[in-house]
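The values are calculated or read from the model by the stated rules, or taken from the named source; none is laboratory data. Bear in mind that the values here come from a model prediction, so they are computed numbers and not experimental data. In this analysis, Cβ positions are derived from the backbone assuming ideal geometry, glycine residues included, and neighbour counts consider all displayed protein chains. Ligands, DNA and RNA are excluded from the accessible area calculation, which covers all protein heavy atoms including side chains. Shrake-Rupley method; radii C 1.70, N 1.55, O 1.52, S 1.80 Å.
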Amino acid sequence: MSYVDEVLARVEAKNPGEPEFIQAVKEFLDTVRPVIEANEESYKKMALLERLCEPERQIRFRVPWVDDNGQVQVNTGYRVQFNSAIGPYKGGLRFHPSVYFGIIKFLGFEQIFKNSLTGLPIGGGKGGSDFDPKGKSDREVMAFCQSFMTELYRHIGADTDVPAGDIGVGGREIGFLYGQYKRIKNIYEGVLTGKGLTYGGSLARTQATGYGLLYFTEELLKINNIDIAGKTAVVSGAGNVAIYAIQKAQQLGVKVLTCSDSTGWVYDPDGIDVEALREIKEVKRARLTEYKNYRPNAEYHEGRGVWNVKADLALPCATQNELNLEDAKALVANGVTAVCEGANMPSTLEATEYLKANGVIFGPAKAANAGGVATSALEMSQNSERLSWTFEEVDSKLKQIMINIVHNIDAAAKEYGKAGDYAAGANIAGFKKVADAMIAQGIV
Ligand code: NDP
């Protein structure tokens, strides 16, 4: 049995009941085989892969809070500090009922290599809770966030671990979390990113993941001699990533036909109206059923369906495993040119294989959505120097980072005989830097 297969078997045995984590490790290890095989003996002796697949630290804690009826509620909080070889742990917090260790570990694992790809000094971590902010009052969300931070604060810090947002954690939640951290620690430091602009946030952070996804997609198409202008796209999701992906796509001359939320999806033949979408989701925190009130020509459908709409580009921006083999077949049958992932691990392993086997240009999440964390790192830099950069300055740095990522993953894929396999290129390029740093730092 090869070293990679040994480690895979060990990860499966050690993490039963965590299919998302096993999926992420499998996708990663399968594609970095050429690098491992070239160094098999030394990596195995120092158990490099075993260490890489074992979080440095996992924290799980009780989060009690009082709802508007005076009833005490109890949720579970998580933080996985996965790898600090190249910098302080960095990665978002997810508040969603589906959250458990398997989800947080898959996200934390992915984050290690994504952060490495940005070229910035940030390690990998992730956290969250099974708390659902949907339908809660602002006071309830604040009560939850304050209780969550009353435990989390002792594990994080500007040079230790710097969380940010993710599903269910936006500006409102970050504000409540930051306020409680400052109150407990009596330190005004950049311990969270995605902060509001009045208290240390960075311009362009809100837009960064979606904008970054489009800068990435534009460049990936360019190296394949395709112009993004004039293309059509299907997008899933209607949250932070999806909204700003749609906005930037339109600025680049792409017509976006769909968006979705957890109950249904919208098809708008005239192109999604971003301002209407922002009002529904960011201001009213309402369902997509409302979209028809703004655009009578649009269709609303219950359930899933965006991948059946014919388009040149597919940009999944909602959640993990939202694009399966059947969806991949529908996209290919409709002649899709490229799939670039805004969400984390939105495509199943079978879907990814099918897309790649059918000549679809595939931009993997850890490269394509790295713009969010890259801009978080830029927020950390601004906090450290106690300065704020202009929108244009941050946006142009973001764009350059995404362009560099495209060229780095392209070069890494070519170096290992996998030209055009950008998933392999991303994993290899992300892995090499982390592996070298881990080796240099000894057995820790
Ligand atoms: P949001 O909470 O802002 O939006 C998530 C969107 O996806 C919402 O429209 C939500 O629907 C939908 N959604 C969530 N869960 C499900 C589900 N189980 N089934 C169907 N739809 C679902 O999150 P973000 O936009 O921040 O995150 C989206 C994805 O992007 C995640 O995978 C996240 O990890 C990833 N990501 C986010 C980054 C960021 O900077 N925010 C950075 C890098 C990656 P509804 O409105 O009904 O809740």
_Shape metrics for region 358-441, restricted to C-alpha atoms - Rg then Dmax, Å_ = 15.2, 49
*At 1.002 mPa s and 20 °C, Stokes diffusion of region 211-317 via Kirkwood alpha-carbon radius, µm² per second*: 157
_Pairs from LYS90/LYS399; LYS136/LYS366; LYS248/LYS397; LYS231/LYS356; LYS310/LYS399; LYS26/LYS126 whose Cα-Cα separation, in the structure shown, is over 25 Å_ = LYS136/LYS366; LYS310/LYS399
*Rounded to the nearest 0.05, what FRET efficiency do ILE443 and ASP159 have when you use their Cβ-Cβ distance and R0 = 25 Å?*
0.60
*Any idea what diffusion coefficient region 39-159 gets from Stokes-Einstein, in µm²/s, Kirkwood Rh on alpha carbon pairs, 25 °C, 0.890 mPa s?*
158
*Sorted from largest down, give the three principal axis spans of the alpha carbons of the chain, whole angstrom values.*
62, 54, 43
*Top mean-square fluctuation among CYS317, CYS259, CYS53, Gaussian network model of the chain, C-alpha springs under 10 Å?*
CYS53
*Of all accessible surface on region 1-117 at a 1.4 Å probe, what whole percent is carbon and sulfur?*
48
_In sequence order, calculated HN-Hα J values of region 73-85 (Karplus, 6.51, -1.76, 1.60; Hz; x Gly/Pro)_ = 10, 10, 10, 10, x, 9, 9, 10, 9, 7, 8, 10, 4
_Interchain or long-range residues, amide H under 5 Å from ASP312's placed H_ = THR232, ALA233
*Dimensionless Rg/Rh of region 270-314 - Kirkwood Rh, Rg from C-alpha atoms*: 0.98
*With each pseudo-label sitting 7 Å past Cα toward Cβ, what's the VAL332-ARG57 distance in nm, one decimal?*
4.5
*asked:* Can you compute log10 of I(q)/I(0) for region 257-360 with the Debye formula, treating each Cα as one identical point scatterer, at q = 0.12 Å⁻¹?
replied: -0.41
_Residue among ILE228, VAL406, SER42 farthest towards the positive dipole end of the chain, charges placed on Cβ_ = SER42
*FRET efficiency for SER384 and ARG172, using Cβ-Cβ distance with R0 set to 22 Å, rounded to 0.05*: 0.30
*For the pair ASP138 and ASP67, how long in nm is the line joining their label points, each one 7 Å along Cα→Cβ?*
2.1
*asked:* Using only the Cα atoms of region 118-243, what are the Rg and Dmax in Å?
replied: 17.4, 54
_Could you give the length gained by full extension between LYS185 and VAL283, i.e. 0.36 nm per residue of separation minus their alpha carbon distance, to one decimal place?_
32.1 nm
*For region 293-444, what class follows from the C-alpha gyration tensor (a ≥ b ≥ c being the square roots of its eigenvalues): rounded when a/c is under 1.5, otherwise prolate if a/b is larger than b/c, else oblate?*
oblate
*Equivalent ellipsoid semi-axes for region 94-181, as square roots of 5 times the alpha carbon gyration tensor eigenvalues: give them largest first, rounded to whole Å.*
23, 15, 11
*With springs connecting C-alpha atoms under 10 Å apart, model the chain as a Gaussian network and identify which of ARG183, ARG62, ARG287 has the largest mean-square fluctuation.*
ARG183
_Net charge of Cβ neighbours under 13 Å - reference ARG79; Lys, Arg +1; Asp, Glu -1_ = +3
*Hey, rough spin-label estimate for ASN404 and ALA13, points 7 angstrom out along Cα→Cβ, what's it come to in nanometres?*
4.1
*Quick one: Debye curve from the C-alpha atoms of region 170-230, no solvent, what's log10 I(q)/I(0) at q = 0.22, 0.28 Å⁻¹?*
-0.84, -1.11
_With +1 on the Cβ of every Lys and Arg and -1 on the Cβ of every Asp and Glu, and nothing else charged, how large is the dipole of region 119-198 about its Cα centre, in debye rounded to the nearest 20?_
220
*Restricting to the chain, compute how many DSSP beta bridges are antiparallel as a %, nearest 5.*
55
*Rounded to 5, the percent of DSSP beta bridges in region 1-131 classed as antiparallel*: 75
*asked:* At 1.4 Å probe radius, can you tell me the per residue accessible area of the chain in Å²?
replied: 39
_Above 18 Å lies some portion of the pair distances; for region 1-72, what is it as a whole percent of all C-alpha pairs?_
50
*Most mobile listed residue (GLN111, GLN73, GLN23) in the chain, GNM with C-alpha springs under 10 Å*: GLN73
